[in-house]
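The values are calculated or read from the model by the stated rules, or taken from the named source; none is laboratory data. In this text, all values refer to a predicted model and were calculated from it rather than measured experimentally. Calculation scope for accessible area: heavy atoms of the full protein, side chains included, ligands and nucleic acids excluded. Shrake-Rupley method; radii C 1.70, N 1.55, O 1.52, S 1.80 Å.
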Amino acid sequence: MKSRQSWAELYAFEVDRAKDAPVFRQIYLQLRSAILSGALRPGTKLPSTRELAAQLGVSRSAAVSAFEQLLAEGYASGKKGAGTYIASIFLNPSGRFMAARSGRYQPPKRQPPRVSLAVSSM
C-alpha cells in the first residue's frame, strides 16, 4: 500500500529560514506561483492553515498571513469554517494575469462616445 503524500510534498513547497524573505511571504509566493502557472487550478481546495503549517514546519500565523494575502489579492476565496479555494484567474485587457475577487472577471464597461448635437451658426 502506498503512503499518501502530504499536500506540501505534492507541490514541493519549501521554507528556507536563511532567506531574507519572511516565512509567510515565501509561502504566499509559492502558492501564487502555483496558481498562476496552473499547477493549482481554480476551485482547488487549499489545506487548512493548521495542516499547511504542520506540513511545512512553520507557525500557524505564517500560514494564516500567507492565506490572508492570497485572499486580499483575489487569488483565493473562502468562508470561515468552509475552507479556502483557488479563485478563477483571467487575463486582463493588457495581457497580464488578474485574480477575480468575485470569481468572475468582468471587463470594464465602455462608455459610448459622446456626440455633440450643438449646431453652430455661420
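Taking all protein chains together and a 1.4 Å probe, the residues 71, 36 rank 71, 36 from largest to smallest accessible area. For residue 71 and residue 25, the difference between the fully extended length at 0.36 nm per residue and the C-alpha to C-alpha distance is 15.2 nm.
Sorting 14, 68, 73, 51 by solvent-accessible area of protein heavy atoms yields 14, 68, 51, 73, largest first, with a 1.4 Å probe. Ligands, DNA and RNA aside, residue 11 has an accessible area near 60 Å² when probed at 1.4 Å.
Enter the accessible area of residue 58 (Å², nearest 10), with the probe set to 1.4 Å and all protein chains included. Approximately 20 Å² of residue 58 is accessible to the 1.4 Å probe.
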